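Structure record follows, encoded as structure tokens.
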Amino acid sequence: MDSNDVVVLGSANADLVITVDRRPGAGETVLGGEVRVLAGGKGANQAVAAGRLGARVSFIGCVGDDDHGRLLRESLQDAGVDVTWLRVGDRPTGTAVVLITPDGDNSIVVSPGANARLSGRDIEAARDVLGRARVLVLQRETDPVVSADAAAITDAAGGRVVLSLAPSGPVPQRLLATADPLLVNEQEARDLIAAHPRASSSGAICSGGETGSGGSELANALRRTGARSVVVTLGAAGAVAADSRGVVRVASPVVDAVDTTGAGDALAGALAHRLAAGDDLTTALRFAVRVAAISVTRPGAQQSYPVAAEIEPSN
């Protein structure tokens, strides 16, 4: 059988999106706009982003037998994603409450729901497609042990693993060792460095500061975690890639942000698509940064992702 370009194993959530003038403080209530229910979840977002760009994508995940689950299945299928391994579980579909401020920034709280039912049996059921993946994309909205088992199958078969370490938290060392790249934002990078002895002893920047100021140092430190390569995203400042050839900073186009929800997932999906097509890490990242920049100029996550014809070539 032919290889799949991209296989994504991970979360599928219904995003309940509310616009607010400002985030509430502790014990405070603020009024917001109308609630919009949109297809989301880091895994499903990444699959849709890659699918809309033309990649052949399969998605492995779990949703509930409810309207939210049907919304997610439809959104994935509309992007051309194979949902053969999207299982219907015995819990409600995962849900995320997303607060959007006027500058396009967001705060998100996730209730995993059916995502927590993703298990070893799903990995066994999808063993064949995992073994045929050119690129496997993983996140931390599902069980990291399950992700590590999936990564081992793809890695042993010669495929590449993209590990998006979001939300921040611990993962098995055997999973980190397959990451090529490990994909994090600045805060996720600092969290992992602080928790990893080899990285924290490197003298990397682990405190807050000007956005993007320590991207190269963070990327170099994260390579000491055992990851084969690293990408640190820097928001509007772009991203930094580090591998055996060195560190490269990739600038982002200047855009007016409307909604940053799912921008990191747009980048991850686009990166996986171009890595599967044979691009090196830097070339793939240049493309992925442009995709993410387009996504923030539109509301929502999956609905904001561009198709290939919308991506202008880099200079």
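Tabulated data
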| item | result |
| --- | --- |
| Residue in the stretch 295-303 that is in a helix (DSSP H, G or I) and touching a Pro at 6+ places or on another chain (Cβ under 9 Å) present | yes |
| Candidate set from the stretch 232-247 (those that are open to solvent by 50 Å² or more (accessible area, probe 1.4 Å) and among the hydrophobic types (A, V, I, L, M, F, W, C)); member that is nearest to T101 (Cα to Cα) | A236 |
| Any hit, the stretch 268-283, residues being touching a residue at least 24 places away in the same chain (Cβ under 8 Å), open to solvent by 40 Å² or more (accessible area, probe 1.4 Å) and under 19 Å from V135 (Cα atoms) | yes |
| Filter pass, R87 being basic (K, R), over 28 Å from R274 (Cβ atoms), open to solvent by less than 70 Å² (accessible area, probe 1.4 Å) and over 17 Å from the mean Cα position of the chain (by Cα) | yes |
| In the stretch 21-55, the residues that are hydrophobic (A, V, I, L, M, F, W, C) and under 27 Å from V291 (Cβ atoms) | V37, L38, A39, A44, A47, V48, A49, A50, L53, A55 |
| Among the candidates L192, L163, L175, residue that is assigned to a strand (DSSP E or B) and crowded, with 18+ Cβ neighbours inside 10 Å | L163 |
| Residues satisfying the stated conditions in the stretch 263-302, i.e. small (G, A, S) and in contact with a Ser or Thr (Cβ under 8 Å, 6 or more places away or on another chain) | A263, G264, A266, A268, A292, A293, S295, G300, A301 |
| Selection from the stretch 178-189 of residues that are of a type in the set (S, T, N, Q) and open to solvent by 30 Å² or more (accessible area, probe 1.4 Å) | N185, Q187 |
| Matching residues, the stretch 284-305, being of a type outside the set (A, V, I, L, M), at pLDDT 95 or above and open to solvent by less than 50 Å² (accessible area, probe 1.4 Å) | F287, R290, S295, Y305 |
| Test: residue in the stretch 217-226 that is buried (at least 17 other Cβ atoms within 10 Å of the Cβ), among the charged types (D, E, K, R), modelled with pLDDT of 90 or more and assigned to a loop (DSSP other than H, G, I, E, B) | no |
| Some residue of the stretch 251-262 being part of a helix (DSSP H, G or I), open to solvent by less than 10 Å² (accessible area, probe 1.4 Å), closer than 29 Å to L71 by Cβ and out of contact with any Phe, Trp or Tyr (no Cβ under 7 Å at 6 or more places or on another chain) | no |
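A quick yes/no check of all residues on (1) modelled with pLDDT of 95 or more; (2) over 22 Å from N13 (Cα atoms):
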residue: Q139; (1), (2): yes, no
residue: V184; (1), (2): yes, no
residue: P197; (1), (2): no, yes
residue: S201; (1), (2): no, yes
residue: G215; (1), (2): no, yes
residue: R228; (1), (2): yes, yes
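Matching residues to (1) open to solvent by 10 Å² or more (accessible area, probe 1.4 Å); (2) under 19 Å from the mean Cα position of the chain (by Cα); (3) closer than 30 Å to G158 by Cα; (4) touching a residue at least 12 places away in the same chain (Cβ under 8 Å):
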{"site": "T19", "(1), (2), (3), (4)": "yes, no, no, yes"}
{"site": "T29", "(1), (2), (3), (4)": "yes, no, no, no"}
{"site": "V48", "(1), (2), (3), (4)": "no, yes, yes, yes"}
{"site": "I60", "(1), (2), (3), (4)": "no, yes, yes, yes"}
{"site": "V110", "(1), (2), (3), (4)": "yes, yes, no, yes"}
{"site": "N115", "(1), (2), (3), (4)": "no, yes, yes, yes"}
{"site": "S119", "(1), (2), (3), (4)": "yes, no, yes, yes"}
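The values are calculated or read from the model by the stated rules, or taken from the named source; none is laboratory data. In this text, all values refer to a predicted model and were calculated from it rather than measured experimentally. Virtual Cβ from ideal backbone geometry, glycine too; neighbours counted across all protein chains shown. Surface accessibility is based on the protein's heavy atoms, side chains included, excluding ligands, DNA and RNA. Shrake-Rupley method; radii C 1.70, N 1.55, O 1.52, S 1.80 Å.
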